[in-house]
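Heads up: the structure comes next, in structure tokens.
The values are calculated or read from the model by the stated rules, or taken from the named source; none is laboratory data. Bear in mind the structure is a predicted one, so any value in this text is a computation, not a measurement. Note: ideal-geometry Cβ built from the backbone for every residue, glycine included; neighbour counts use all protein chains shown.
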Amino acid sequence: MATAATLTPEQVRRRSLQSGTIGAIVEWYEYTIYGVAAALVFGHLFFPDLAPGIGQIVSLATFGVGFLARPIGAFVAGHLGDRIGRKSTLILTFSIMTVATAAIGLVPTYEQIGVAAPLLLCVLRLAQGFAVGGEWGGAAIIAVENAPRARRGYFGAWPQIGVSAGLLLGTAAVSLAAWLSGDAFETWGWRVPFLLSTVLAGVGFAIRLRATESPAFLAEKAKMDAELERRKAPAAVLFRDHRRPLLITVFGRFAEAGNYYLFTTFILSYVTTTLGVPKSYGLTASMIGAAVNIVMIPVFGAVSDRIGRVRTFLIGGTLIVITTWPVFALVHTGRLWAIVAGVVLFLALGHAMVYAPLPALYCEMFPTAVRYSGISIGYQMASILLASFTPALAGAMVLWADGSLWMVIAFAIVTTLVAMVAIAYAPDHRDRELDEIGDTARTPATASGTKAVV
């Protein structure tokens, strides 16, 4: 068997890219099927005593519960990833996600065990959130740190397809289960996609075990004894010396963090509950939109290598602002072709352009010693601030506005503008080596002994 020492640079890059991409796809499949099930069946299976509209909002709120644990997972995984390695940490998060997902497929309903059912559901959703909190940063880093300098945007974009690929696979799995006749889907069919995750996880484990650590991390680890900073908690160094890039990382996600779930999870609920159209309309739109998104994300990652991460992001943000109202207008018609067109328009252009450059951009803002902590904590802080309860909040906005979408549209536009302002202040280091960026990103001590904020 080949070892890290005998692998060629190209083999290391290929294995790292496969580990980040395939692992992310499986893990996001496991995370996504919960959202689909919450939008379609969890409301009356786990909250049957509530009115249908309220039960649906509470069901979507349990989807948001997972986001509460994501910053905790980011802190823990960031610490481990910066101390012991990216590969080992990714295997840990993968294991937690797989066990939690399979367990959800076995949870009894409210009718069977009463209030313990939704409580168990929330606990397992928290475990999913903890795992995914450490997943994104590791997958992004292992791809970017092993990439050629001129192609970091392209390599970093591949793990980004994990979200949409997971959405595509998860939605397809739930859709196939939903074709079961009679009450079979609500009785036991919804459990099948959760239990199927164990099969996909076997593939993911095999691939992740073959990955190797990046040269950047190995070089940093070799300096551990000589560098006192390495003996301190990475998170402590991050908040002391790298607050500016951390804030950019948090607010830069506002363009896609909540908006993505508006056009995937919320749309599924809106078209069935408010518009009264078949659930297959929303599922079809999500699957087609996700497929197009998977194709476009690597394209825009490569574009960011040519024109810059910041410029690519700002163009995508502008497209989101311009197209948000037309997209929702299409969805509101209730026609299948219009719903599909609206979701595809958002995911293929605006979302893909703001999402693709983030891994490379964020990795280029932090030194190797705190990179896992920096991008994981920043990314997941944005999740809890914005993405966590966006589907439930959007559902409440529709109720408050008597079925109108104007509040949801305003929400999407304002959050995107916030992100564009944040990213406008981000440095573009695509022409520099990561170790050079790390050296200059470290905050120097001032003459008075205090630290200046980067």
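Here is how the numbers come out for the structure above:
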{"item": "Residue among Leu283, Leu262, Leu358 that alone is more than 24 Å from Ala396 (Cβ to Cβ), of a type in the set (A, V, I, L, M, F, W, C), surrounded by 20 or more Cβ atoms within 10 Å (Cβ to Cβ) and touching a residue at least 12 places away in the same chain (Cβ under 8 Å)", "result": "Leu358"}
{"item": "Segment 333-360, residues that are of a type in the set (A, V, I, L, M) and within 16 Å of the chain's Cα centre (by Cα)", "result": "Leu347, Ala352, Met353, Val354, Ala356, Leu358, Ala360"}
{"item": "Among (1) out of contact with any Gly (no Cβ under 7 Å at 6 or more places or on another chain); (2) under 20 Å from Ala140 (Cβ atoms); (3) hydroxyl-bearing (Ser, Thr, Tyr) - the single one Tyr154 does not satisfy", "result": "(1)"}
{"item": "Exclusive hit being aliphatic (A, V, I, L, M), out of contact with any strand residue (DSSP E or B) (no Cβ under 8 Å at 6 or more places or on another chain) and farther than 15 Å from Leu386 by Cα, set Leu262, Leu283", "result": "Leu283"}
{"item": "First in segment 1-12 and under 17 Å from Lys87 (Cα atoms) and of a type outside the set (A, V, I, L, M), second anywhere and modelled with pLDDT under 70 and in a loop (DSSP other than H, G, I, E, B), Cβ under 9 Å, 6 or more apart", "result": "Gln11/Ala2"}
{"item": "Segment 265-277 - residue that is touching a residue at least 60 places away in the same chain (Cβ under 8 Å) and of a type outside the set (A, V, I, L, M) and, of those, nearest to Val414 (Cα to Cα)", "result": "Phe266"}
{"item": "Flag for Arg210 being of a type in the set (Lys, Arg) and within 29 Å of Ile141 (Cα to Cα)", "result": "yes"}
{"item": "Only one of Arg243, Arg309 that is in contact with a Lys or Arg (Cβ under 7 Å, 6 or more places away or on another chain) and either under 17 Å from Ile423 (Cβ atoms) or surrounded by 24 or more Cβ atoms within 10 Å (Cβ to Cβ) (or both)", "result": "Arg309"}
{"item": "Condition check for Ile375: surrounded by fewer than 24 Cβ atoms within 10 Å (Cβ to Cβ) and either within 16 Å of the chain's Cα centre (by Cα) or at pLDDT 90 or above (or both)", "result": "no"}
{"item": "Matching residues in segment 191-205 - criterion: being at pLDDT 85 or above and of a type in the set (Val, Ile, Thr)", "result": "Val192, Thr198, Val199"}
{"item": "Selection count where residues are in contact (Cβ under 8 Å) with a residue 24 or more places away in the chain, over 30 Å from Tyr154 (Cβ atoms) and in a helix (DSSP H, G or I), scope segment 361-402", "result": "7"}
{"item": "Elements of type helices (runs of 4 or more DSSP H) in segment 140-218, at least 3 residues being under 19 Å from the mean Cα position of the chain (by Cα)", "result": "152-178, 192-209"}
{"item": "Residue that is farthest from Val163 (Cα to Cα) [pool: residues in segment 85-103 that are small (Gly, Ala, Ser) and buried (at least 19 other Cβ atoms within 10 Å of the Cβ)]", "result": "Gly85"}
{"item": "Output for segment 170-219, where each listed residue is touching a residue at least 60 places away in the same chain (Cβ under 8 Å) and small (Gly, Ala, Ser)", "result": "Gly170, Ala172, Ala173, Ser175, Ala178, Ser197, Ala201, Gly204, Ala211, Ser214, Ala216, Ala219"}
{"item": "Filter result for Val408 (more than 30 Å from Gly85 (Cβ to Cβ), modelled with pLDDT of 80 or more and surrounded by fewer than 16 Cβ atoms within 10 Å (Cβ to Cβ))", "result": "no"}
{"item": "Which listed residue, of Ala424, Ala419, is within 17 Å of Ile248 (Cα to Cα), touching a residue at least 12 places away in the same chain (Cβ under 8 Å) and surrounded by 23 or more Cβ atoms within 10 Å (Cβ to Cβ)", "result": "Ala419"}
{"item": "Unique match (being at pLDDT 90 or above, in contact with a Phe, Trp or Tyr (Cβ under 7 Å, 6 or more places away or on another chain) and not hydrophobic (A, V, I, L, M, F, W, C)) among Arg253, Arg208", "result": "Arg253"}
{"item": "Residues (of a type outside the set (Val, Ile, Thr), outside any loop (DSSP other than H, G, I, E, B) and surrounded by fewer than 16 Cβ atoms within 10 Å (Cβ to Cβ)) located in segment 104-121", "result": "Glu111, Gln112, Ala116, Leu119"}
{"item": "Inter-residue pairs, beta-carbon under 6 Å, first within 15 Å of Tyr260 (Cβ to Cβ) and of a type in the set (Ser, Thr, Tyr) and in segment 153-169, second modelled with pLDDT under 90 and in a helix (DSSP H, G or I), 6+ apart", "result": "Ser164/Ala290"}
{"item": "Filtered residues of segment 87-114 (kept if of a type in the set (S, T, N, Q) and within 19 Å of Gly73 (Cα to Cα))", "result": "Ser88, Thr89, Thr93, Ser95, Thr98, Thr101"}
